[in-house]
Amino acid sequence: TEAGLEITGCDEEYTGPDNLAYVSYCAALATMSEELRGVKIHIDAQIPVCRGLGSSAALLVAGAMGANVLRGNKLSTQGLLNITNAMEGHPDNLAPAFYGGLTASMVDNGLPVTVNFPLHPDWEFLALVPDFNLQTSKARAVLPEQVSRADAIYNISHGAMVLKALELGDEKLLRTAMQDRIHQPYRKGMIPDYEKIEALVRTTGAAFCLSGAGPTLLCISRHKDLQEKLSKKLHSITEKSWQMLPLHVEFQGAKVIHAE
């Protein structure tokens with residue numbers, strides 16, 4: 001291991017200096033012109049890796065936050081977002097991790113711009129996590145370089161509706177608005193039984209989409225019994241093993257839970 005670096009709580013292969021939490025920690029220190037000294041990082045995380053659930057962004061956020069806290073909080077949250085965005089390449093997982101709740105982000109002149117949207121408190125999120133992963137690079141490679149104007153218009157209009165549906169708690173509107181023509185049609189073929197599972201989820205009234213680039217599938221509903229409804233039938237329509245992960249909205253975002 002690198003001198004003065006100890007990483008615990010994760011697989012051996014991630015305990016070196018290329019661990020994203022450490023890379024991010026170093027980048028934040030460099031931005032503050034602080035010297036790098038020995039550090040011990042313990043990772044307590046339940047985010048499945050390479051499943052489209054933002055595990056890399058979570059590590060980057062934790063590392064940058066840790067560096068900032070240990071050096072007197074010299075950087076703003078926006079400053080930390082700028083640093084980590086330079087590493088991640090896009091702010092869509094970083095911004096909600098930093099700020100919590102429902103965020104939308106864009107990059108303007110190389111810097112991320114983020115806004116928060118109101119979110120109805122009754123939504124239940126259920127991630128269906130398969131026992132296989134899908135490298136983001138492969139999921140990106142299947143996407144076409146160009147899309148038709150009609151598909152672009154379809155997605156932009158639907159995206160605006162998604163935000164309103166999530167604010168209102170309107171399940172019917174959300175189901176319709178979350179249909180997509182720009183990435184899911186190309187990626188679903190890489191995920192066994194995608195269409196069967198989508199059809200099953202639709203019978204429950206829940207909205208359905210890929211989580212990130214996949215292969216995790218995300219169900220969004222206002223009904224508390226969604227997991228129960230799906231678990232009875234899911235194993236009968238797919239040979240793969242799918243873990244059901246109920247997720248709740250964290251409105252606060254990244255925070256320090258214990259500082260010496």
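Give me the residue from the range 229-253 that is over 27 Å from His183 (Cβ atoms) and under 24 Å from the mean Cα position of the chain (by Cα) and, out of that set, least open to solvent (accessible area, probe 1.4 Å).
Only one residue fits best here, namely Ser231.
If you check Ile220 against the conditions, is it over 27 Å from Gln46 (Cα atoms), at pLDDT 95 or above and buried (at least 17 other Cβ atoms within 10 Å of the Cβ)?
So Ile220 does not fit the description; no.
Inspect all residues belonging to the range 205-214 and state whether any of them is aliphatic (A, V, I, L, M), part of a helix (DSSP H, G or I) and open to solvent by less than 60 Å² (accessible area, probe 1.4 Å).
Taking every residue of the range 205-214 in turn, none turns out to be aliphatic (A, V, I, L, M), part of a helix (DSSP H, G or I) and open to solvent by less than 60 Å² (accessible area, probe 1.4 Å).
Quickly run through the range 91-140 and pick out the residues that are in contact with a Lys or Arg (Cβ under 9 Å, 6 or more places away or on another chain) and aliphatic (A, V, I, L, M).
If the condition is that a residue be in contact with a Lys or Arg (Cβ under 9 Å, 6 or more places away or on another chain) and aliphatic (A, V, I, L, M), then Ala127, Val129, Leu134, Ala139 are the ones that fit.
Could you check the range 138-159 and list, in sequence order, the residues that are polar (S, T, N, Q) and open to solvent by less than 80 Å² (accessible area, probe 1.4 Å)?
Those that are polar (S, T, N, Q) and open to solvent by less than 80 Å² (accessible area, probe 1.4 Å): Ser148, Asn155, Ser157.
Select from the range 75-110 the residues that are over 30 Å from Leu168 (Cβ atoms) and assigned to a loop (DSSP other than H, G, I, E, B) and write down the one among them that is least open to solvent (accessible area, probe 1.4 Å).
Result: Leu75.
Scan the range 153-191 residue by residue and report those that are without any contact (Cβ under 8 Å) to a residue 12 or more places away in the chain and polar (S, T, N, Q).
Ser157 - this is the single residue of the range 153-191 that is without any contact (Cβ under 8 Å) to a residue 12 or more places away in the chain and polar (S, T, N, Q).
Filter the range 160-179 down to residues that are of a type outside the set (A, V, I, L, M) and not in a loop (DSSP other than H, G, I, E, B) and give me whichever is least open to solvent (accessible area, probe 1.4 Å).
Selected residue: Glu171.
Count, please, the residues in the range 111-152 that happen to be touching a residue at least 24 places away in the same chain (Cβ under 8 Å) and part of a loop (DSSP other than H, G, I, E, B).
Residues flagged as touching a residue at least 24 places away in the same chain (Cβ under 8 Å) and part of a loop (DSSP other than H, G, I, E, B) within the range 111-152 amount to 15.
Sort through Ile182, Ile257 and tell me the only one that's surrounded by fewer than 14 Cβ atoms within 10 Å (Cβ to Cβ), of a type in the set (A, V, I, L, M) and over 20 Å from Leu53 (Cβ atoms).
Ile257
Can you tell me which residue among Lys229, Lys196 is modelled with pLDDT under 95, over 28 Å from Leu94 (Cβ atoms) and not β-branched (Val, Ile, Thr)?
Lys229
For the range 19-61: of the residues being closer than 30 Å to His183 by Cα and among the hydroxyl-bearing types (Ser, Thr, Tyr), which is surrounded by the most Cβ atoms within 10 Å (Cβ to Cβ)?
Ser24
What are the residue pairs meeting all of these: first residue in the range 217-229, first residue in a strand (DSSP E or B), second residue among the acidic types (Asp, Glu), Cβ atoms under 7 Å, and 6 or more apart or on different chains?
Ser221/Glu124; Ser221/Glu171
Here's a check for you: in the range 12-66, which residue that is in contact with a Lys or Arg (Cβ under 8 Å, 6 or more places away or on another chain) and part of a loop (DSSP other than H, G, I, E, B) is farthest from Arg140 (Cα to Cα)?
Glu34
How many residues, within the range 137-177, are out of contact with any helix residue (DSSP H, G or I) (no Cβ under 6 Å at 6 or more places or on another chain), under 30 Å from Pro121 (Cβ atoms) and of a type outside the set (A, V, I, L, M, F, W, C)?
Selection size over the range 137-177: 12.
The values are calculated or read from the model by the stated rules, or taken from the named source; none is laboratory data. All values reported here derive from a predicted model rather than from experimental measurement. Because the Cβ atoms are built from the backbone with ideal geometry, glycine has one as well, and the counts that use them run over all protein chains shown. Quick note on the areas: whole protein, heavy atoms, side chains included, nothing else; ligands and nucleic acids left out. Shrake-Rupley method; radii C 1.70, N 1.55, O 1.52, S 1.80 Å.
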